[in-house]
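What follows is a set of notes on a single structure, which appears directly below.
The values are calculated or read from the model by the stated rules, or taken from the named source; none is laboratory data. Quantities reported herein were computed from a predicted structural model and do not represent experimental measurements. Note that we place each Cβ from the backbone using ideal geometry, even for glycine, and neighbour counts take in every protein chain shown.
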């Protein structure tokens, strides 16, 4: 395998190294969460969007912020509130008297990285506007379509649903997000470091863009061409089939989800510096990818547990 | 072309050569066989110990020396035996320059040829089994050479003998041979058969192991007694004759020089009249083993000769060519026939001739008998009575006879077997003025009831007498029957049971009889598939009447149908499948070892996860992680080369898990 590693190194020295630097930079801000950071970048390179769901104060926004900065390009932050309107996200057409025509003023969504903070605080109508734009990669308004810049990466954060004053995202729209991750409490040493070291806001302010939009596009394109062997494809199919036949689940994963699994696994393989996909890539990304797309039957536990169970029981070919 | 052979490959090729040549080695002079084996062993040692290679001088000395030795011993390079021995010698010489893949391929391929040449000498079932094993070994050697050529011998194999794994050899050899079976079947059934074998006349006998000769001197039949191999098998269409009639007639001997009985050339003429079969006649077919002689055997008296043979005036069946392969012929015998009621003067003189001055006591005895019994029949009865009543014994353990053989036997020794009795009896008859001659052949046989055939072995060889009586013609008299009735009623084995053990134990004897049934089946179904049977078979599947060209086209087409998918399979798919299998098997082996070491590989656990988990329980987890990474790369990465897979196989084969403080971890549980 040495040959191919060398070949990969010769082929794209710049973007891959910068990617590593970007990940290292984010790890310097968010301590002890390298797995989540890897997943976040996987979502970026797979061309999907990321949902971070956790309690307030564990660093969701900081993570999103850090990723947005190091990814380079334009980035925008939208703080979702219950009086936020679709136009506040997408933009508005204003009447220009001199030109006697409407002029489109792009909203904050026209950026490479969009940070949608506390997305479940907005009304379903506003949420829909965001989710439509994420899916279509464009904004339609007044019979005009306005393409979004590329790469286009949405990082949404969300508080768990049992808090007051939120509008939970509809189940059918959750799969607009490629991955859903949560951060959890930091480990003891990391929490101590957090207390001792400089303020996160200072650190964020010190972050520089490492990647460029062109880098991200190039890396995405490279990831999409990585070698996937027959056994790995078998494994993906076996997992998807397991969700479709599992008694606790209301419905299984869709073919779109299977495609998403493949893309995410490829992105992770690229992050790991391999030029082929391992079952490990599929397995490590399966829970964040599948759990929010699956709904359990009443009294059948949580989809996270079912997903773990499926991973344990599906034989790796 | 200049690729090196690994020592284990050399060992394998040498072993394949020895196995293929072994039947030839046993048939050639001992010193030559020893020299060939020595050459093989030396070549193996050169490979194992990395001894210096022989120079061109040594190599040419070996080659020309071997050639000279063969010519010296056989006097020729022609003929089956000399030619195959030469082949063995030359392959052995070739071993001395076998240092490249090409040479190893030549030697291995010649192994097939050595095996095929065995069938010029014998087509026995057991030998066939042995040669199949030889074929498998040669095939495995060729596979191994190819592995060397592809440079995919695992590193563990570089250390010579340990590198040869029996299971792999067996698989390589048998797998390819199994694949060849359909093709072999097509060729067997459709390839045009020749009416007679290509190799025609033999120049030398079957290495001294022969059937009855056309002479009888003391000891000729005794030699046959110890030969337990089958002479022929007979299947009767209708009635099976009673045992006392089972006299299988062979050469008839007239001339006597005091020691040796021999045939009369004059007997070669056609008989004056032949028997006419009636309802007492027996019809049977005989499958005769190669004897290198021209005699065919039939019961008294054959009505006519089978194709390729003729009937002599003494009712011997003489074939045009010696019997060099298994042959089959049909005969009808008429038991109630009277041979030659008239005896020509010349023949009468020969049938009464005795060498001058020999056997005075026998002559005296004959004259005394003649005076007492003027009638021939009465005289004969008296002699048989004398044999029966006096102290005559039937035994193989007897003494050689001197100048007056009949005298010594009849009056002093009185211990002997059929040859002694027949000879002495005929001398006595001639001295008494009764024309007499000796008939040699086989008597009796073993009835194999379940398969319905009669097995006659070489050890059933027999000699008896015929006397010419006025009005009755030649009449069979068996003096042995008077001495030892059981010899005739139950066979040589029973008559000799007290004195001899050459048939081994009863158990062995039964085993041999069972084996002969298999051999008979083999002869009939495989060896007996001759030109005629092939025609019948083709007629049944509607392929008769085709021209030679059309048949050749059918043959080629069928062969292609059988071969093409096979070739495709072996070329592409099988190679890939086999090697991924090999990779998986190697990893499964690792998993089994982990299981035994107490780690339970999970169902949904990837190799890397398993390896990562092992750091808690294994002292050499880092090695496992390396293995898991290599396996993952080969299994899931872009197609790895065969060499990498082989290296992984070897590497993982040598890996064993070592538990990290097993006792403590148990306590903590």
When residue A:309 is evaluated against the numbered criteria (1) within 13 Å of chain B (Cβ to nearest Cβ); (2) under 16 Å from the mean Cα position of the chain (by Cα); (3) surrounded by fewer than 22 Cβ atoms within 10 Å (Cβ to Cβ); (4) farther than 20 Å from residue A:52 by Cα, which criterion, by number, is the only one it fails? (2)
Could you list all residues from the range B:264-301 that are in contact (Cβ under 8 Å) with a residue 12 or more places away in the chain, over 21 Å from residue B:332 (Cβ atoms) and surrounded by fewer than 22 Cβ atoms within 10 Å (Cβ to Cβ)? B:264, B:266, B:267, B:268, B:269, B:290, B:292, B:293
Quick check: is even one residue across the range A:15-29 surrounded by 14 or more Cβ atoms within 10 Å (Cβ to Cβ), in contact with a strand residue (DSSP E or B) (Cβ under 7 Å, 6 or more places away or on another chain), in a helix (DSSP H, G or I) and in the same structural domain as residue A:141 (by TED's automatic domain parsing)? no
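This table checks each residue for (1) surrounded by fewer than 22 Cβ atoms within 10 Å (Cβ to Cβ); (2) at pLDDT 85 or above; (3) over 30 Å from residue B:172 (Cβ atoms).
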| residue | (1), (2), (3) |
| --- | --- |
| B:53 | yes, no, no |
| B:60 | yes, yes, yes |
| B:65 | yes, yes, yes |
| B:82 | yes, yes, yes |
| B:117 | yes, yes, no |
| B:121 | yes, no, no |
| B:124 | yes, no, no |
| B:134 | no, yes, no |
| B:141 | no, yes, no |
Which residue is surrounded by the most Cβ atoms within 10 Å (Cβ to Cβ), if the candidates are limited to the range B:494-534 and must be at pLDDT below 70 and part of a helix (DSSP H, G or I)? B:495
Some residue of the range B:559-570 being loosely packed, with under 13 Cβ neighbours inside 10 Å, touching a residue at least 40 places away in the same chain (Cβ under 8 Å) and not assigned by TED's automatic domain parsing to the domain that holds residue B:229: no
Which strands (runs of 3 or more DSSP E) sit wholly inside the range B:248-346 and have at least 2 residues that are touching a helix residue (DSSP H, G or I) at 6+ places or on another chain (Cβ under 7 Å)? none
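Yes/no matrix, rows are residues, columns are (1) at pLDDT below 90; (2) exposed (fewer than 15 other Cβ atoms within 10 Å of the Cβ):
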site: A:195; (1), (2): yes, yes
site: A:200; (1), (2): yes, no
site: A:220; (1), (2): no, no
site: A:223; (1), (2): no, no
site: A:228; (1), (2): no, no
State which residue pairs qualify: first residue within 14 Å of chain B (Cβ to nearest Cβ) and farther than 22 Å from residue A:193 by Cβ and inside the range A:1-28, second residue crowded, with 17+ Cβ neighbours inside 10 Å and modelled with pLDDT of 50 or more in any location, beta carbons under 7 Å apart, and separation of 6 or more residues or different chains. A:1/B:633; A:1/B:637; A:4/A:275; A:8/A:275
Looking at the structure I just gave you, is residue A:259 away from every other protein chain (no Cβ under 14 Å) and either surrounded by fewer than 16 Cβ atoms within 10 Å (Cβ to Cβ) or out of contact with any strand residue (DSSP E or B) (no Cβ under 7 Å at 6 or more places or on another chain) (or both)? yes
Considering each residue of the range B:536-558, count those that are outside any loop (DSSP other than H, G, I, E, B), modelled with pLDDT under 80 and surrounded by 12 or more Cβ atoms within 10 Å (Cβ to Cβ), and give that number. 1
The one condition residue B:64 fails out of (1) touching a helix residue (DSSP H, G or I) at 6+ places or on another chain (Cβ under 7 Å); (2) free of Cβ contacts under 8 Å to residues at least 12 places away in the same chain is (1)
Counting only residues that are in contact (Cβ under 8 Å) with a residue 24 or more places away in the chain, surrounded by fewer than 20 Cβ atoms within 10 Å (Cβ to Cβ) and within 11 Å of chain A (Cβ to nearest Cβ), how many does the range B:588-607 have? 0
Looking at the range A:205-214, is at least one residue within 14 Å of chain B (Cβ to nearest Cβ), in contact with a helix residue (DSSP H, G or I) (Cβ under 8 Å, 6 or more places away or on another chain) and in a loop (DSSP other than H, G, I, E, B)? no
Candidate set: the range B:608-618, residues that are touching a residue at least 24 places away in the same chain (Cβ under 8 Å) and surrounded by 15 or more Cβ atoms within 10 Å (Cβ to Cβ); chosen: the one nearest to the other protein chains (Cβ to nearest Cβ): B:608
If we ask which residues in the range A:263-290 are more than 10 Å from chain B (Cβ to nearest Cβ) and touching a strand residue (DSSP E or B) at 6+ places or on another chain (Cβ under 6 Å), their number turns out to be 2
Out of A:249, A:239, A:289, report the one residue that is at pLDDT below 90 and crowded, with 19+ Cβ neighbours inside 10 Å. A:249
Restricting attention to the range B:574-581, does a residue exist that is modelled with pLDDT of 85 or more, out of contact with any strand residue (DSSP E or B) (no Cβ under 8 Å at 6 or more places or on another chain) and in a helix (DSSP H, G or I)? no
Are any residues in the range B:619-641 more than 13 Å from residue B:590 (Cα to Cα), surrounded by 18 or more Cβ atoms within 10 Å (Cβ to Cβ) and more than 14 Å from chain A (Cβ to nearest Cβ), and if so, which ones? none
Within the range A:123-173, which strands (runs of 3 or more DSSP E) (wholly inside it) include 1 or more residues that are without any contact (Cβ under 8 Å) to a residue 40 or more places away in the chain and surrounded by fewer than 22 Cβ atoms within 10 Å (Cβ to Cβ)? A:138-141, A:144-147
Return the residue satisfying two criteria in turn: it lies in the range B:350-408 and is outside any helix (DSSP H, G or I) and without any contact (Cβ under 8 Å) to a residue 12 or more places away in the chain, and of such residues it is surrounded by the fewest Cβ atoms within 10 Å (Cβ to Cβ). B:356
In the range A:35-53, is there at least one residue being in contact with a strand residue (DSSP E or B) (Cβ under 9 Å, 6 or more places away or on another chain), part of a loop (DSSP other than H, G, I, E, B), touching a residue at least 24 places away in the same chain (Cβ under 8 Å) and crowded, with 24+ Cβ neighbours inside 10 Å? yes
Looking at (1) free of Cβ contacts under 8 Å to residues at least 60 places away in the same chain; (2) under 23 Å from residue A:37 (Cβ atoms); (3) touching a strand residue (DSSP E or B) at 6+ places or on another chain (Cβ under 8 Å), which one does residue A:296 not meet, given that it meets all the others? (2)
